[in-house]
Amino acid sequence: MSAPHFTLPMALLLLGAVASAVGATMTAYQTNRERAENAEKQAAAERVLREKTEEIARLNREIAASVTGGSAFPYMSVAGEPGGIPDNPMVTLHNDSGYPLYDLSFRLVDFDEADKLKGRKTVSFEEVLGTVRGVGNVGPKQIVFIGRILPLSMTATRKTFNVFFTARNGSFSQHFQFRRIEGHWQVATKMSRDLPDNKSEPIYERVDPLFPKLPDGSPDW
């Protein structure tokens, strides 16, 4: 039996089939590449849109914070001396944040004075309220001199004060504990942001090195 041989029509048919297959492959490749490129372009566009949206949201938060005060909070500190804190220290008010504090005021309560009121039959509203003072607006990174509002008795060994702040962005509480150690006052103070349902969020704490500590190293409040 003789071996088959290709004729010209057969060769043309085979060539056409190969060309069709190659063309189909190229078309599929081109289609897939275009789809991939379109997918990449769409992903890039979505990424840019998401970044722009996040940037707009961030700017809106910054604008809102600059109007309300944002995360800013006030706190007081007392000026010390090499040996410790004097009996009538200068008090300064601080805003360490990058946002202003608006309409700031505070109420100072001396625990010793408050205890004296418990045995009295008549007490004035001012005595119950304590020292109240309006501060106004405090700019970012600003310090305000308040004065000598924390009198420390020369004969006492401990003093306790609470300061209650209100501002446009919320209310805050600061607790002061003074202890006389080796003839000099040492202080521990902590700050919290008031939250709903009588809860609070700690936001600041400072303790002098010689202030009494508990066995675990925490301040003896």
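We did not get these values from a lab; they are worked out from the coordinates using the rules stated. All figures in this text were calculated on a predicted structure; none of them were measured in a lab. Here the Cβ is made from the backbone with ideal geometry for all residues, glycine too, and neighbour counts use every protein chain on show.
Observations on the model:
- In this simple spin-label model, placing a label point 7 Å from the Cα along the Cα-to-Cβ direction at both Ala79 and Lys141 gives a separation of 2.2 nm.
- Between Glu40, Glu54, Glu205, the residue with the greatest mean-square fluctuation in the GNM of the chain (Cα pairs under 10 Å linked by springs) is Glu40.
- Relative exposure of Met154, Met191, Met90, judged by other C-beta atoms within 10 Å (fewest first): Met154, Met90, Met191
- For Tyr204, distant residues with modelled amide H under 5 Å away: Met191
- Helix 8-68 axis, angle to the chain major axis (alpha carbon atoms, nearest 10°): 10 degrees
- Projected label points at Tyr29 and Lys52, each 7 Å from Cα along the beta carbon direction, are separated by 3.7 nanometres.
- Cα-Cα over 25 Å, subset of Lys141/Lys213; Lys141/Lys190; Lys159/Lys190: Lys141/Lys213
- Ratio of Rg to Rh over region 182-221 (Cα coordinates, Kirkwood Rh, two decimals): 1.10
- A Gaussian network model of the chain, with springs between Cα atoms under 10 Å, assigns the largest mean-square fluctuation among Ala44, Ala17, Ala188 to Ala17.
- Taking every C-alpha pair closer than 8 Å and separated by at least 6 residues, the mean separation divided by the residue count of the chain gives a relative contact order of 16 percent.
- The fraction of Cα-Cα pairs per 10 angstrom bin, counted from 0 for region 159-204, comes to 26, 44, 21, 9, 1 percent, rounded to whole percents.
- Among Ser66, Ser20, Ser77, residue whose mean-square fluctuation peaks in a GNM of the chain (springs only between Cα atoms under 10 Å): Ser20
- Every helix of 4 or more DSSP H residues in the chain counts as -39500 (n - 2.57), and over all residues that averages to -11500 deg cm²/dmol at 222 nm.
- The ranking of Arg107, Arg58 from fewest to most other beta carbons within 10 Å of each one's beta carbon is Arg58, Arg107.
- Here is the size of the chain from its Cα atoms: Rg then Dmax, 36.9, 135 Å.
- In percent, rounded to a whole number, the relative contact order of region 128-220 is 16, using alpha-carbon pairs under 8 Å and six or more apart.
- If the chain linking Ala43 and Leu12 were pulled fully straight, counting 0.36 nm for each residue of separation and taking away their Cα-Cα distance, it would gain 6.6 nm.
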